[in-house]
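Undergrad: The structure follows.
The values are calculated or read from the model by the stated rules, or taken from the named source; none is laboratory data. If you're wondering where the values come from, they're calculated on a predicted model, not measured in any experiment. Cβ coordinates were reconstructed from backbone atoms using ideal geometry, including for glycine residues, and neighbour counts include every protein chain displayed. Side chains included, ligands, DNA and RNA excluded: accessible areas come from the protein's heavy atoms. Shrake-Rupley method; radii C 1.70, N 1.55, O 1.52, S 1.80 Å.
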Amino acid sequence: MNTTYAVLSEGLEKRFGAVHALRGLDLAVPQGTVCGLLGPNGAGKTTAVRLLTTLLRPDAGSARVAGHDLVREAAAVRRRIGVTGQYASVDGDLTGRQNLRLFARLHRVRGPAGRADELLEQLGLTEAADRRASTYSGGMRRRLDLAASLIRQPDVLFLDEPTTGLDPASRTRIWEAVRELQTDGTTVLLTTQYLEEADQLADHIALVDRGQVAHTGSPAELKALIGSYAEAVVAHADGLPDAAAVLDQLTGSAPVFDHERGAVGAVTTDPTLTLPRLVRELDAAGVPLLDVSLRPPTLDDVFLRLTGEPADSKELAA
């Protein structure tokens, strides 16, 4: 079966002086899917997005976005994509409606007023349409940003941390909008610091590490790579070292501490490790337990195991 790729890169490289940000990035995003681009701080994700949106020129390698060569047909690429960055691009002195009409006229969209009204309704901003954007909440401004990037109905939409700093309700509204876009055939490349977001939205994930795509697959496929996650929550901090020693012996992997919760966990691929056995071993070691679990891994666990970086260091940077 032939697959049509909305984004296809081979060997993309980019240097900034002595820093080798991308070291041969190979990325294939099938048309009409949501791809999550994840990786530790400094992995090269934002550099990749800047290259694929024509904001930077690659030093080596090639790429096609929406069917056009990234370098030779950069103008055509720009006509086929939308970009929502980490910071608001709208004018705070204009109303939401005025902002979208302005974007529509700049992009020579037919019927700018109608297109603006359509997007305001789609993103749940109709009631606030005639208020100045400077009076919008953070979630509303992010939705207005997203609406602006959709003015031309792009084939490929790049979302760079679209929900950072938003409350759960606003984040959910953005998620709903992304799902609607995918249903309508738009391809979405998503970078995010919230692994739950990637788990919820992404059809597949490209895990970037040291300027290359180190692992790819659906969230379920990546989770299957590392097995299960065993965790013990202790009654007091003195029990953490003993719990860690037990988990180390049973799983053979380095325990991960969560001192705030008083918990320690480790991944395991041993199918014979059961919850009753885990409880017995911890109890025999005299660990003062509050809770014990043996569960499927989260993307946080995958991230830690495959990159060696803790989950709280996943900020997106060049």
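Undergrad: Can you tell me which of (1) small (Gly, Ala, Ser); (2) open to solvent by 20 Å² or more (accessible area, probe 1.4 Å); (3) in contact (Cβ under 8 Å) with a residue 12 or more places away in the chain is the one Ala244 doesn't meet?
TA: Evaluating Ala244 over (1) small (Gly, Ala, Ser); (2) open to solvent by 20 Å² or more (accessible area, probe 1.4 Å); (3) in contact (Cβ under 8 Å) with a residue 12 or more places away in the chain leaves (2) as the failure.
Undergrad: Quick one: how many residues across region 94-115 are free of Cβ contacts under 8 Å to residues at least 24 places away in the same chain and of a type in the set (A, V, I, L, M, F, W, C)?
TA: Counting residues in region 94-115 that are free of Cβ contacts under 8 Å to residues at least 24 places away in the same chain and of a type in the set (A, V, I, L, M, F, W, C) gives 3.
Undergrad: Out of contact with any Asp or Glu (no Cβ under 6 Å at 6 or more places or on another chain), among the aliphatic types (A, V, I, L, M) and either open to solvent by less than 30 Å² (accessible area, probe 1.4 Å) or in the same structural domain as Asp184 (by the TED database) (or both): is that true of Leu22 in this structure?
TA: no
Undergrad: Here's a check for you: in region 140-161, which residue that is part of a helix (DSSP H, G or I) and more than 23 Å from Leu37 (Cβ to Cβ) is most open to solvent (accessible area, probe 1.4 Å)?
TA: Arg141
Undergrad: Sort out which residues of region 194-213 are open to solvent by 50 Å² or more (accessible area, probe 1.4 Å) and either closer than 17 Å to Leu304 by Cβ or aliphatic (A, V, I, L, M) (or both), and write them in order of number.
TA: Within region 194-213, Tyr194, Glu196, Asp199, Arg210 qualify.
Undergrad: Could you check, for region 162-177, whether at least one of its residues is closer than 23 Å to Arg78 by Cα, buried (at least 20 other Cβ atoms within 10 Å of the Cβ) and under 10 Å from the mean Cα position of the chain (by Cα)?
TA: Yes, region 162-177 has at least one match.
Undergrad: Continuing with the same structure: Could you please let me know if Thr216 is among the polar types (S, T, N, Q) and either out of contact with any Lys or Arg (no Cβ under 6 Å at 6 or more places or on another chain) or at pLDDT below 90 (or both)?
TA: Spelling it out, Thr216 is indeed among the polar types (S, T, N, Q) and either out of contact with any Lys or Arg (no Cβ under 6 Å at 6 or more places or on another chain) or at pLDDT below 90 (or both).
Undergrad: All but one of (1) in a helix (DSSP H, G or I); (2) open to solvent by 70 Å² or more (accessible area, probe 1.4 Å) hold for Thr46; state the number of the condition that does not hold.
TA: (2)
Undergrad: Run down Arg97, Arg80 and say which single residue is open to solvent by 70 Å² or more (accessible area, probe 1.4 Å) and either at pLDDT below 95 or not small (Gly, Ala, Ser) (or both).
TA: Arg80
Undergrad: Before we move on, is Leu55 open to solvent by 70 Å² or more (accessible area, probe 1.4 Å) and either part of a loop (DSSP other than H, G, I, E, B) or free of Cβ contacts under 8 Å to residues at least 24 places away in the same chain (or both)?
TA: yes
Undergrad: Got a sec? Which of Val83, Val90 is assigned to a loop (DSSP other than H, G, I, E, B) and in the same structural domain as Leu144 (by the TED database)?
TA: Exactly one residue qualifies, and that residue is Val90.
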